[in-house]
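Undergrad: Got a structure here, written out as structure tokens. Questions coming.
The values are calculated or read from the model by the stated rules, or taken from the named source; none is laboratory data. Every value quoted in this text rests on a predicted model; they were computed, and no experiment measured them. No Cβ is skipped: glycine too gets one built from the backbone with ideal geometry, and neighbour counts run over all protein chains shown. In case anyone asks, the SASA skips ligands and DNA or RNA and just uses the protein heavy atoms, side chains included. Shrake-Rupley method; radii C 1.70, N 1.55, O 1.52, S 1.80 Å.
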Amino acid sequence: GYLITGILWRDVSEARGLKSLSTALSRFWARRARRLIPAALLVLVVTAAVGYFVAPRSWWLDVDAGWIWAVAYVANWYLANEAADYLRADAPVSPYQHYWSLSVEEQFYIVLPIILALILLVVLKRRFTVTVWVLAILTVGSLAHAFYMQVTDPAYGFYSSLTRIWEFGAGGLLALAQTKGKFLKVPSKWLSLIWLGLVVVM
């Protein structure tokens with residue numbers, strides 16, 4: 001959240017006009033794709049190939065659907081749904097289960113740029129302040145939702161992107177605060193202490 005929000009804000013805030021903004025977003029998404037997709041697809045293909053030849057057919061048929069969801073970077077939603085299905089409580093663990101966190105990360109890479117772009121296109125004045133407020137509202141709302149879901153539906157609370165937004169948002173707010181030190185009236189020398197506090201909390 002800290003790294004990506006800082007990079008995005010620097011890129012999109014300097015854009016002038018729709019064409020410049022779309023170019024900045026396209027470059028951002030292209031960099032993320034080049035960094036993550038090749039390695040992720042390689043692991044998926046190798047895992048599928050090895051599983052097909054090594055694992056029992058009954059096991060493979062039971063977990064095969066996870067491959068599709070992992071490729072689409074929505075594995076977290078698939079796992080949340082599977083965890084809520086009591087009839088599949090004894091199903092074998094998917095070899096793609098670890099893709100849930102990468103799916104959440106990819107979804108963040110898609111949604112945050114769109115939010116920032118909409119703010120910059122719609123808001124004409126005090127764009128930075130509006131961006132901070134929007135991100136703060138999303139962060140607080142997500143944190144409250146996470147607490148609620150951990151009590152009512154822990155599996156959903158663990159895998160859902162909606163309960164993970166606050167983690168990215170906290171880092172994003174810190175990045176924005178560091179970008180413009182006047183925000184929150186926090187001197188730069190105290191930002192390291194804020195960093196330490198966030199690390200201890202998480």
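Undergrad: How much accessible area per residue does region 120-169 have, in Å², with a 1.4 Å probe?
TA: Accessible surface, normalised per residue, equals 60 Å².
Undergrad: What's the ranking of 29-41, 3-15, 123-135, 163-175 by average number of surrounding C-beta atoms within 10 Å, highest first?
TA: Descending packing order for the listed peptides: 163-175, 3-15, 123-135, 29-41.
Undergrad: In nm, to one decimal, how far is the ASP153 label point from the VAL130 one, both placed 7 Å along Cα→Cβ?
TA: Spacing of the two 7 Å Cα→Cβ label points: 3.3 nm.
Undergrad: If r is the Cβ-Cβ distance from LEU143 to VAL54 and R0 is 45 Å, what FRET efficiency results, to the nearest 0.05?
TA: After rounding to 0.05, the efficiency reads 0.60.
Undergrad: A further question follows. Where q = 0.22 Å⁻¹, what log10 of I(q)/I(0) comes from the Debye formula for region 89-158, counting one point per Cα?
TA: Values, matching the q order: -1.06.
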